[in-house]
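The structure under discussion appears below in the form of structure tokens.
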Amino acid sequence: MTGDQFPKSRSGRLIEAGKIMGAIAAIFGGGSLIWGLTFGPLRDIYDMASDFVDDFRRLEVTVQQLQADVARANGEDRVIRQPEGLSYIQEPVTQGDNVVMILVISRTRLGEGCRLIDWVPIFTDELNIPTPGERARRGPVSRQIDTNTQRLRVEMVPPEILRPGRIVVYLTLTYRCPGSDGDGPLEDRTEGLPYRLLPAS
């Protein structure tokens, strides 16, 4: 139909009535949808779906935090694992002596592909001031460890300024580890080990 006249034929009237009914159905459907999303049951369903998505995201963050906490508790966020109570300092140690650490240690899964490139002994006496010592053997690090627990003999030259009495020593370790952005340095350290420094006679 091209004019403003309603068709006079029966088929034309049916076609026009169908168009009017389609327009009414579209208006009613759109109105129902808008009502459903704003005041009706679809609003509740939408809110429930939004809450579910938010809860799922929070749960995902919580699971990631738990995984990080478990890795930290198991020492898997570090390069090395040092079983408690197995490492010690050979005593007696007198002023002027080298210090020998018996270190029981292994690599974690994180540190399996890393390579030790440097280490420095750090000593603390009763003044509680961390002071670096030196390695008894100079040069590049030659020995690497793997994920199996190993017993190492580490000889160090302590700083001369240490006061006799209780000393704590640990090693700072510098590793080169493979990563997504190439090899990068990663720092770790051993647990502090105490010993008694005797005065020189």
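The values are calculated or read from the model by the stated rules, or taken from the named source; none is laboratory data. Small disclaimer: the values here were computed from a predicted structure and weren't measured. Glycine also receives a Cβ, built like all others from the backbone with ideal geometry; neighbour counts cover every protein chain displayed. The protein model used for the area step is the full one, side chains on, heavy atoms only, and it has no ligands, DNA or RNA in it. Shrake-Rupley method; radii C 1.70, N 1.55, O 1.52, S 1.80 Å.
Structure above, values below:
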| read-out | value |
| --- | --- |
| Some residue of region 155-163 being open to solvent by 30 Å² or more (accessible area, probe 1.4 Å) and outside any loop (DSSP other than H, G, I, E, B) | yes |
| Contacts under 8 angstrom Cβ, first residue in region 8-29 being open to solvent by 100 Å² or more (accessible area, probe 1.4 Å), partner modelled with pLDDT under 75 and assigned to a helix (DSSP H, G or I), 6 or more apart | none |
| Number of the exception - E91 against (1) assigned to a strand (DSSP E or B); (2) closer than 18 Å to R166 by Cα | (1) |
| Test: residue in region 116-125 that is modelled with pLDDT under 95 and open to solvent by 50 Å² or more (accessible area, probe 1.4 Å) | yes |
| Selection count, region 126-140, where residues are touching a strand residue (DSSP E or B) at 6+ places or on another chain (Cβ under 6 Å) and open to solvent by 20 Å² or more (accessible area, probe 1.4 Å) | 6 |
| Residue list for region 171-186, restricted to those being open to solvent by less than 40 Å² (accessible area, probe 1.4 Å) and not β-branched (V, I, T) | L171, L173, Y175, C177, G182, G184 |
| Residue match in region 187-197 (condition: open to solvent by 40 Å² or more (accessible area, probe 1.4 Å), modelled with pLDDT of 95 or more and more than 18 Å from E84 (Cα to Cα)) | yes |
| Any hit, region 101-109, residues being outside any strand (DSSP E or B), open to solvent by less than 60 Å² (accessible area, probe 1.4 Å) and over 20 Å from A200 (Cβ atoms) | yes |
| Where a residue in region 68-92 is of a type outside the set (D, E) and surrounded by 14 or more Cβ atoms within 10 Å (Cβ to Cβ) and its partner, wherever it lies, is at pLDDT below 90 and not in a loop (DSSP other than H, G, I, E, B), with Cβ under 8 Å and at least six apart | V79/C177; V79/L186 |
